[in-house]
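What follows is one structure encoded as structure tokens, with my remarks underneath.
Since every read-out is calculated from the coordinates, none of them should be taken as a lab result. Values in this document were obtained by computation on a predicted structure and should not be read as measured data. Positions of Cβ are generated from backbone atoms using ideal geometry, with glycine treated the same way; all protein chains shown enter the neighbour counts.
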């Protein structure tokens, strides 16, 4: 009668021990990843850690800033250190959806159509200045970002795994930009902004070699199978009832406004918090993890500024 619960408890203990071992095993590489990228992007430790959170959570990341502040450099460094296949698309206002996804072309020798893959068939896609193309072309990424598939002429093609989109966009007050539709913004786990560097960091940038020279000298930290395993480990990070109730309280607070956090947004917040806990070498999520990722996950979904989102978070007390 008592044997079955005892066996179940032993299985749980063994699973927990295995999870703790995996977390400890990957900590040196996680620390090395953050150390290396912070040598490229100076004085932006919070942003680089959140970008790594997005990768481990299996979510896409959007960098929004003025041109020339390091968005593309950070994206290139992330791709290089992750050790994954990488493609870059420079979006322009005349770009078509087929330029991203691919197109069926007629093979005259074989007298049949063949699918020619577009640059989206990669593991890391850098979508540079994504809001300079039309909304129709932007929408070509929706299925890929949500499901890891893309459809051309009724045929569905699987994308390589892991599949991670790093997009950059310029502020909307600049000429030649189109606002990303809400449905596409919701596909990004986080929106981050680098801002201007500190005076000391900018001085060091003037003294050093170009960032791309430094990136090319770096070694890959991870490879594809390790990224996939880390993403699986992230999903195993425990979230207790106190944290779940806190997530729901935060969501309810956002829903008092015009555009509240959707259920997909709440799930995104949970995944991001799990990834943050993993980076902090814990097998469980705390309220601090949720607070660390809340603004980056929530602001672009609710239409609030970062300051307003932070103030909203402070209105919600932790229960229990």
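Listing for the model above:
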read-out	value
Taking 189, 206, 261, 19 and counting other C-beta atoms within 10 Å, the order from fewest to most	206, 19, 261, 189
Packing-based order for 219-225, 267-273, using average beta carbon neighbours within 10 Å, highest first	267-273, 219-225
Acute angle (nearest 10 degrees) that the helix 3-40 long axis makes with the longest principal axis of the chain, alpha-carbon atoms	50 degrees
Inter-part distance where region 250-311 and region 169-223 are each reduced to a Cα centre, Å	21 Å
Max mean-square fluctuation residue, GNM over the chain, Cα-Cα springs under 10 Å, options 54, 200, 139	200
Mean residue ellipticity (222 nm) of the chain, computed from DSSP H runs ≥ 4 via -39,500 (n - 2.57), nearest 500	-16000 deg cm²/dmol
Difference of contour (0.36 nm per residue) and Cα-Cα distance, residue 202 to residue 255	15.0 nm
Rounded to 10°, Cα long-axis angle of helix 287-302 versus longest principal axis of the chain	30 degrees
With Cα atoms, 0 to 90° folded angle of helix 241-254 axis to the chain main axis	50 degrees
Region 141-271 - Debye-derived log10 I(q)/I(0), Cα point model, q = 0.14, 0.15, 0.21 Å⁻¹	-1.09, -1.19, -1.31
The chain: most fluctuating residue of 68, 195, 148 per GNM, C-alpha cutoff 10 Å	68
Of 242, 297, 165, the one that fluctuates the most in a GNM where the chain has Cα springs shorter than 10 Å	242
Stokes-Einstein D in µm²/s, Kirkwood radius over Cα pairs - region 13-115 at 25 °C with 0.890 mPa s viscosity	142 µm²/s
Ranking of 147, 64 by count of other Cβ atoms within 10 Å, fewest first	147, 64
Theoretical gain in end-to-end length, residue 90 to residue 107 [0.36 nm per residue, Cα-Cα removed]	3.3 nm
Potential extension, residue 13-residue 179 segment - 0.36 nm per residue separation minus Cα distance	54.8 nm
Percent RCO, i.e. relative contact order, over region 216-317, from Cα pairs under 8 Å lying at least 6 residues apart	29 percent
Relative contact order computed over the chain (Cα-Cα under 8 Å; 6+ residues apart), in percent	22 percent
